[in-house]
Amino acid sequence: MNTTANYHPPPSSQPPFSDSDLDSDSDSENFQVGSDLSNSIFKTYLEFSSSSSSSSSITAVDLSKIQSFLTSSSSGALSCLICLERIRPSDPTWSCSSLCFALFHLLCIQSWARQSSDLSAARAAARLPITAETAAKQATWNCPKCRSSYSKSEIPRCYLCFCGKLRDPPSDNPWILPHSCGEICNRPLPNNCGHFCLLLCHPGPCPSCPKSVKARCFCGSVEDFRRCGFKNFSCNKLCKKRLDCNKHNCSEICHPGTCPPCRARETYRCRCGKKEEEKDCCDRDYRCENECKKLLNCGKHVCERGCHGGDCGECPLQGNRTCPCGKRIYEGLPCDGVAPVCGATCNKLLNCGFHRCPERCHKGSCVETCRTMVKKACRCGGLKKEVPCYQDLSCERKCLRMRDCGRHACKRRCCDGDCPPCSEVCDKRLRCKNHKCPAPCHRGACAPCPNMVTISCACGETHFEVPCGTEMDHKPPKCRKLCKIAPLCRHASTSKPHRCHYGACPPCRAPCEEEYPCGHKCNLRCHGPRPPPNPEFTLKPKKKKSNHQTECTPGTPCPPCPELVWRPCVGEHFGAERMMVCSNTTRFSCDNLCGNLLPCGNHYCTKTCHPLETQPSSSGHQKRSESCEVCNLPCQKVRMPKCSHPCSLPCHPGECLPCKVLVKRSCHCGAMVHAFECIHYNNLSEKDQVAARSCGGPCHRKLPNCTHLCPEICHVDKCPAPDKCSKKVTVRCKCQTLKKEWICQDVQAAYRDTGNDPKDIPKNQFGLGLLPCNSDCKSKVQEVESALQLRKPKVLEKKEPENEKHGPKRRKRRDRIQEGKQVSRFQEFVASVKRLLLFIIIGAALIAVTYYSYKGLLQLSDWMNEVELQRARRRRSRF
């Protein structure tokens with residue numbers, strides 16, 4: 001085996017591994033090299049064994065046994081089945097050469113062989129009629145594992161190598177397999193082919209002969225060069241050998257051994273020729289179920305044999321005949337005659353073998369049971385009694401002798417002293433502490449546990465066997481296969497593969513680099529989900545149900561983003577940014593005035609910096625926050641078209657509503673008043689407004705120079721040509737006796753001629769005094785005065801009419817109210833003027849109060865802003 005110690009696989013054949021796979025000691029490396037080299041050595045043997053026939057004595061199981069021995073020897077995993085201790089390279093050993101090739105400590109197997117042979121000799125001396133010396137010479141002992149029998153002379157007395165050539169092989173040479181001489185094995189190969197093993201001294205059976213020889217296939221039709229150990233082969237063609245029937249050929253594929261029976265179907269006759277059936281060629285010679293019934297040579301009897309071939313033979317009743325007991329002979333008796341009885345005692349030996357039949361000569365068989373009374377003793381000799389010969393005698397006494405196991409009494413009824421072996425199961429706990437002895441109860445130490453425990457890697461590709469009970473001292477082998485568990489993290493495509501293992505896969509060491517919602521990437525080591533781990537390495541199955549984790553371990557979420565970013569204040573003021581951690585969502589105020597445009601769109605918020613009413617968050621959603629102040633000022637916008645009426649709504653965005661106030665406008669002449677909607681009237685042009693205000697009737701305005709009204713249609717501005725009034729005016733003298741009708745413009749001219757302005761003339765005196773008085777005027781004046789005196793009423797003599805005395809009270813009350821209500825026009829004019837002045841004063845007071853209150857609010861707001869600015873300056877100065 002020194003040729004395998006320095007073998008290393010080429011670098012190109014090794015797959016890349018992760019860093020966790022490099023943590024292995026030199027022992028595991030040597031084990032890996034040994035296992036890989038053993039695979040390469042036995043690869044061709046395994047291929048040939050799989051393709052060879054089952055008749056070969058060295059099969060794939062034997063080759064795997066050899067490979068397992070080599071692997072266990074090179075890894076130091078060998079253990080003694082007797083003491084269950086590890087076999088060190090320096091310990092003297094002995095290996096079974098029959099079947100199992102197990103390795104034992106030399107001292108352990110010597111002690112085992114002596115105890116087994118002594119126990120076998122004592123048991124043989126107790127049971128067989130031989131002396132103790134003869135039993136000691138013929139004693140045998142068995143291999144503790146395969147129970148192969150060895151004679152007492154084959155008890156090992158010295159420490160030999162595996163091939164048996166070198167005594168006390170060296171154990172300090174690191175280039176030689178432990179317990180090996182390092183030379184060529186040179187043991188005869190199996191099947192007695194005449195060749196010898198060419199491997200170095202090795203444990204286990206020798207492999208099949210590797211030499212090439214010329215051999216034929218099983219049917220002999222193909223000749224080829226094959227390995228000597230696998231020279232028996234099949235050509236995979238039809239056998240075509242002549243079958244036993246010498247009529248058909250074998251139709252099977254080339255096979256070892258004799259050809260199977262011919263199965264060709266044909267019609268054949270039975271031996272007697274009475275029946276024909278379709279049978280296989282191999283079953284062509286058959287017998288039917290009918291009797292022969294052919295007439296024999298005597299002509300009196302028929303053949304009573306079944307279906308047969310050939311002659312039926314002579315009649316069995318012909319020739320000399322005897323009586324039933326055979327003492328008297330009758331000659332010349334015909335075959336159809338009956339031989340008479342002789343009358344003597346039968347005297348035939350009964351079935352018991354000691355007594356004879358006491359009956360007279362008789363036909364038929366003698367009695368089956370011998371009823372002769374004899375004196376018998378039971379098997380144990382404790383009871384003697386006369387009983388019929390056919391009856392056995394036994395007592396009810398139980399045997400109290402100990403059986404050969406030395407643990408249990410015989411307890412068999414009427415035992416003859418040769419107690420049978422103990423039928424109880426030993427059921428002692430073996431040294432492996434895992435199993436109980438299944439053998440019948442026995443003396444001495446129990447045989448070692450024959451079970452072998454396979455210790456394998458997680459995938460099962462690399463494994464070795466150790467004796468049961470020593471598995472706890474061994475670790476699982478290091479497997480060079482890649483782990484088949486696929487990573488579940490985001491680096492599965494780029495992660496390095498690692499070797500087969502128990503338990504959880506090593507954690508991914510790549511940086512996470514998962515992108516945050518903010519756009520930054522996580523710089524920590526990968527913390528994504530991990531695949532379900534392999535079960536932990538264990539050898540003893542747990543009594544409870546396995547809690548092996550079959551689900552993957554979910555990954556931990558990325559921590560909050562630690563990057564530093566500039567973050568604006570809650571009011572998003574320019575120049576108020578602060579450096580903050582990206583994941584810190586704490587919002588701060590810069591203590592400045594908000595300054596955001598209010599919903600009215602006309603004024604600005606005067607609060608301290610506060611969150612906006614709708615502000616987008618980092619997740620893309622908008623969060624409701626503190627709203628700006630509500631504008632409670634009245635609307636101060638100038639309506640378009642311009643209007644003197646203020647907007648009735650509070651301060652609002654956009655255009656004001658159309659003014660629906662009714663505007664009263666008198667016509668040009670003042671005869672009537674029109675009511676218009678403000679928006680409608682203001683949207684008219686000046687020309688349309690003039691046309692709309694016209695009442696369409698006469699002017700109704702008094703001319704400035706006379707008492708007449710303007711004759712034109714209602715119009716704008718002054719009446720045209722007031723000096724050319726064409727109305728007729730009654731002109732009188734001063735005493736109003738004379739009167740004439742003049743045209744109004746002549747009257748105005750007359751007043752101007754006299755140096756008077758027509759505008760200054762009262763209406764009741766207009767045209768009075770323009771005519772000169774004459775002589776008739778004085779007499780006329782006197783008549784008028786006397787008439788006036790007569791017309792004056794007499795107050796004292798005034799009496800109420802009679803009808804008033806007797807009128808209803810309601811009418812009187814109504815008349816009194818009407819008399820009280822009769823007010824002069826001048827009094828009505830004064831009252832209307834007073835009302836107008838009162839309204840004007842109240843309106844002016846309201847306007848003044850509104851104006852000064854608004855101005856005061858603006859001043860108060862400016863003062864509060866200054867106070868806030870001073871506070872902010874103080875705070876900044878503190879910091």
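The values are calculated or read from the model by the stated rules, or taken from the named source; none is laboratory data. In this text the structure is predicted, and so the values were computed from the model without any measurement. Counting neighbours? That spans all protein chains shown, and the Cβs are built from the backbone with ideal geometry, glycine included. The protein model used for the area step is the full one, side chains on, heavy atoms only, and it has no ligands, DNA or RNA in it. Shrake-Rupley method; radii C 1.70, N 1.55, O 1.52, S 1.80 Å.
A few remarks follow.
- Condition check for PRO599 on (1) open to solvent by 70 Å² or more (accessible area, probe 1.4 Å); (2) modelled with pLDDT of 85 or more; (3) within 24 Å of GLU655 (Cα to Cα): one failure, at (2).
- Scope segment 656-676; condition open to solvent by 80 Å² or more (accessible area, probe 1.4 Å) and among the hydroxyl-bearing types (Ser, Thr, Tyr); matching residues: none
- The number of residues in segment 573-586 that are part of a loop (DSSP other than H, G, I, E, B) and within 39 Å of the chain's Cα centre (by Cα) comes to 5.
- Selection from segment 126-142 of residues that are open to solvent by 90 Å² or more (accessible area, probe 1.4 Å) and not in a loop (DSSP other than H, G, I, E, B): ARG127, GLU133, LYS137, GLN138
- When residues in segment 416-465 are screened for being touching a helix residue (DSSP H, G or I) at 6+ places or on another chain (Cβ under 7 Å) and within 30 Å of HIS501 (Cβ to Cβ), 5 of them pass.
- Leading residue by the ranking (farthest from the chain's Cα centre (by Cα)) among those in segment 467-515 that are open to solvent by 80 Å² or more (accessible area, probe 1.4 Å) and within 30 Å of PRO144 (Cβ to Cβ): ASP473
- Exactly one residue among ARG226, ARG269 is free of Cβ contacts under 8 Å to residues at least 40 places away in the same chain, open to solvent by 30 Å² or more (accessible area, probe 1.4 Å) and over 30 Å from SER97 (Cβ atoms), and that residue is ARG269.
- The sole residue among ARG397, ARG443, ARG413 that is in contact with a Gly (Cβ under 8 Å, 6 or more places away or on another chain), more than 25 Å from LYS475 (Cα to Cα), among the basic types (Lys, Arg) and modelled with pLDDT of 85 or more is ARG397.
- Of the residues contained in segment 697-707, one or more are found to be modelled with pLDDT of 80 or more and more than 27 Å from LEU770 (Cβ to Cβ).
Quick grid of which residues meet (1) without any contact (Cβ under 8 Å) to a residue 12 or more places away in the chain; (2) part of a strand (DSSP E or B):
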{"site": "SER90", "(1), (2)": "no, no"}
{"site": "SER98", "(1), (2)": "no, no"}
{"site": "PHE104", "(1), (2)": "no, yes"}
{"site": "LEU107", "(1), (2)": "no, no"}
{"site": "PRO144", "(1), (2)": "no, no"}
{"site": "SER153", "(1), (2)": "yes, no"}
{"site": "PHE162", "(1), (2)": "no, no"}
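- Test for ARG874: is it basic (Lys, Arg) and at pLDDT 85 or above: no
- Some residue of segment 335-347 being at pLDDT 85 or above, out of contact with any Pro (no Cβ under 9 Å at 6 or more places or on another chain) and surrounded by 15 or more Cβ atoms within 10 Å (Cβ to Cβ): no
- Residues in segment 677-731 that are within 30 Å of LYS759 (Cβ to Cβ) and either of a type in the set (Val, Ile, Thr) or open to solvent by 80 Å² or more (accessible area, probe 1.4 Å) (or both): 18 in all.
- Matching residues in segment 233-248 - criterion: being buried (at least 17 other Cβ atoms within 10 Å of the Cβ) and closer than 30 Å to LYS211 by Cβ: PHE233, SER234, CYS235, CYS239
- Of all residue pairs spaced 6 or more apart or on separate chains, those with beta-carbon atoms under 6 Å, a first member in segment 709-721 that is closer than 9 Å to SER694 by Cα and a second member that is of a type in the set (A, V, I, L, M) are VAL716/VAL690.
- Subset of segment 456-466 that is buried (at least 19 other Cβ atoms within 10 Å of the Cβ) and not hydrophobic (A, V, I, L, M, F, W, C) - its residue that is farthest from ASN534 (Cα to Cα): GLU465
- Taken over segment 351-362, the criterion of being more than 16 Å from ASP392 (Cβ to Cβ) and part of a loop (DSSP other than H, G, I, E, B) is satisfied by CYS357, PRO358, GLU359, CYS361, HIS362.
- For segment 159-180, the count of residues that are open to solvent by 90 Å² or more (accessible area, probe 1.4 Å), of a type in the set (D, E, K, R) and on the phi > 0 side of the Ramachandran plot is nonzero.
- With respect to the stated conditions, GLU314 fails to be touching a strand residue (DSSP E or B) at 6+ places or on another chain (Cβ under 7 Å) and outside the structural domain of ALA215 (by the TED database).
- Cβ-Cβ contacts under 7 Å between residues 6 or more apart (or on different chains), taken from a first residue in segment 615-641 that is closer than 27 Å to SER583 by Cα and part of a loop (DSSP other than H, G, I, E, B) to a second residue that is open to solvent by 60 Å² or more (accessible area, probe 1.4 Å) and at pLDDT below 80, are listed as SER617/LYS623; SER625/GLU613; SER627/GLU613.
- Per this entry, LEU200 is counted among residues that are within 30 Å of GLU183 (Cβ to Cβ), of a type outside the set (Lys, Arg), open to solvent by less than 80 Å² (accessible area, probe 1.4 Å) and touching a strand residue (DSSP E or B) at 6+ places or on another chain (Cβ under 7 Å).
- Per the conditions (1) over 60 Å from the mean Cα position of the chain (by Cα); (2) open to solvent by 90 Å² or more (accessible area, probe 1.4 Å); (3) of a type in the set (Lys, Arg), the sole criterion not satisfied by ARG431 is (1).
- LEU243 satisfies every condition listed in (1) at pLDDT 85 or above; (2) in contact with a helix residue (DSSP H, G or I) (Cβ under 7 Å, 6 or more places away or on another chain) except (2).
- Extreme residue, surrounded by the fewest Cβ atoms within 10 Å (Cβ to Cβ), among residues of segment 351-371 that are in contact (Cβ under 8 Å) with a residue 24 or more places away in the chain and touching a strand residue (DSSP E or B) at 6+ places or on another chain (Cβ under 9 Å): PHE354
- The single condition from (1) outside the structural domain of HIS195 (by the TED database); (2) within 30 Å of SER98 (Cα to Cα); (3) assigned to a strand (DSSP E or B) that GLU278 fails is (2).
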